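The values are calculated or read from the model by the stated rules, or taken from the named source; none is laboratory data. From a predicted model like this one, the values you see are computed outputs, not experimental measurements. Please note: Cβ atoms are built from the backbone with ideal geometry, for glycine as well, and neighbour counts cover all protein chains shown. Remember, those area values only see protein heavy atoms, side chains included, never the ligands or the DNA or RNA. Shrake-Rupley method; radii C 1.70, N 1.55, O 1.52, S 1.80 Å.
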Amino acid sequence: MLEHAHPAVDSGLTIGFDIGGTNLRAAAIDADGEIVDSVSVPTAKVATQLEDDIARAVEELSATHEISAVGLALAGFLDPECETVRFAPHLPWRDAPVREILSKRIGLPVRLEHDANSAAWGEWRFGAGRGAKDWVFFAIGTGIGATLMTEDKIYRGAFGTAPEFGHLTVVPGGRECSCGKRGCLERYASGTALPDTCEELRPQYETKLPANATGVQITQAAREGDPLGLAVMENFGTWLGQGLSIVADVLDPELIVVGGGVANDADLYLERARENMARQIVGAGHRPLARVATAELGSAAGMIGVADLARHGLTVG
């Protein structure tokens, strides 16, 4: 059964979906990026059931709102035209023409987009990225998603997978990554990196943190002044700054926006990241430095962004 919230009657809305590995969330969103209604349901593990749930969510929202288009934000690899889901690690689609399937099923225009790109677009239209021309979005959660926008467009690369900043190698031969490489940035500066760093640093500090502490426990301990918790977050900021310096050297953006779940605790590490980026970039002290800011739209950024993309029928990139 879909969980329903904030019922209202409205018109001229588009629906944005955020389809994660655990939950499917959908919201009816107006032209100003405001959520006026929403539904949610656990994410199905079978493609036909997932498509049924998407159609049912659209039906529920359409019962009280005039809906003109639908956008889906999802974590995975899309083709450059955003028609096909090639692979999504936590979703059941494989090389599936999802845009066509769903547009026929629900009878509305459908837009697909990567979740980080969707969140970046939302921040650019309505949040921390407003007015930026050349900028980068870092979505830091379980891993690191990223988006590059230049001259009002999302940059995708030749095959639709750019940019994978989370898999820049920062420690040759370092921690194993789920991508198959070692030493990737997201193995040192993401939610899943925090417990590993905690155990590596544990012998050096007194702490009240239990063995195998979670990321939530670590950030809470840092807020309470626990020496190990503070050291872990300092380490996190150092590595994030290292990654940001590489991005700054290659792309020279005017702005870097940090979003995602770990951004909720940015006050514990972001200043350290800024400082390390400033030290590590080529020409440190003799060139303009990208402004580093935190996202403003929170967990709704992906839904808001992809709903806006669907509204305008944009093909960006």
Subset of region 226-245 (residues that are of a type in the set (D, E) and either open to solvent by less than 50 Å² (accessible area, probe 1.4 Å) or over 29 Å from V282 (Cβ atoms) (or both)): D226
Flag for D267 being free of Cβ contacts under 8 Å to residues at least 24 places away in the same chain and over 20 Å from G145 (Cβ atoms): yes
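Among the hydrophobic types (A, V, I, L, M, F, W, C), closer than 17 Å to M303 by Cβ, touching a Cys at 6+ places or on another chain (Cβ under 7 Å) and in contact (Cβ under 8 Å) with a residue 40 or more places away in the chain, is that true of L112?
Yes, satisfied.
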Index of the failed condition, I256 passing every other in (1) touching a residue at least 40 places away in the same chain (Cβ under 8 Å); (2) in a helix (DSSP H, G or I); (3) surrounded by 20 or more Cβ atoms within 10 Å (Cβ to Cβ); (4) in contact with a Leu (Cβ under 8 Å, 6 or more places away or on another chain): (2)
Qualifying strands (runs of 3 or more DSSP E) (wholly inside region 1-116; at least 2 residues being open to solvent by less than 20 Å² (accessible area, probe 1.4 Å)): 10-19, 23-29, 35-42, 65-74, 110-114
Tally of residues being surrounded by 14 or more Cβ atoms within 10 Å (Cβ to Cβ), free of Cβ contacts under 8 Å to residues at least 24 places away in the same chain and of a type in the set (V, I, T) across region 216-225: 0
Enumeration of residues in region 197-210 that are open to solvent by less than 70 Å² (accessible area, probe 1.4 Å) and not hydrophobic (A, V, I, L, M, F, W, C): T197, E199, R202, T207, P210
Residues of region 48-74 satisfying the condition of being closer than 30 Å to C179 by Cβ and in contact with a strand residue (DSSP E or B) (Cβ under 7 Å, 6 or more places away or on another chain): D53, I54, G71, L72, A73, L74
Where a residue in region 288-301 is closer than 15 Å to A26 by Cα and its partner, wherever it lies, is open to solvent by 90 Å² or more (accessible area, probe 1.4 Å) and assigned to a loop (DSSP other than H, G, I, E, B), with Cβ under 7 Å and at least six apart: none
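Being of a type in the set (D, E, K, R) and touching a Gly at 6+ places or on another chain (Cβ under 6 Å) narrows it down to one of R130, R202, R156, R187, so name that one.
R156
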From A301, A248, A213, residue being touching a helix residue (DSSP H, G or I) at 6+ places or on another chain (Cβ under 7 Å), in a loop (DSSP other than H, G, I, E, B), modelled with pLDDT of 95 or more and open to solvent by less than 10 Å² (accessible area, probe 1.4 Å): A213
Residue count, region 1-45 (criterion: of a type in the set (V, I, T), over 21 Å from the mean Cα position of the chain (by Cα) and at pLDDT 95 or above): 1
Within region 267-292, considering residues that are buried (at least 20 other Cβ atoms within 10 Å of the Cβ) and among the small types (G, A, S), the one nearest to G166 (Cα to Cα): A273
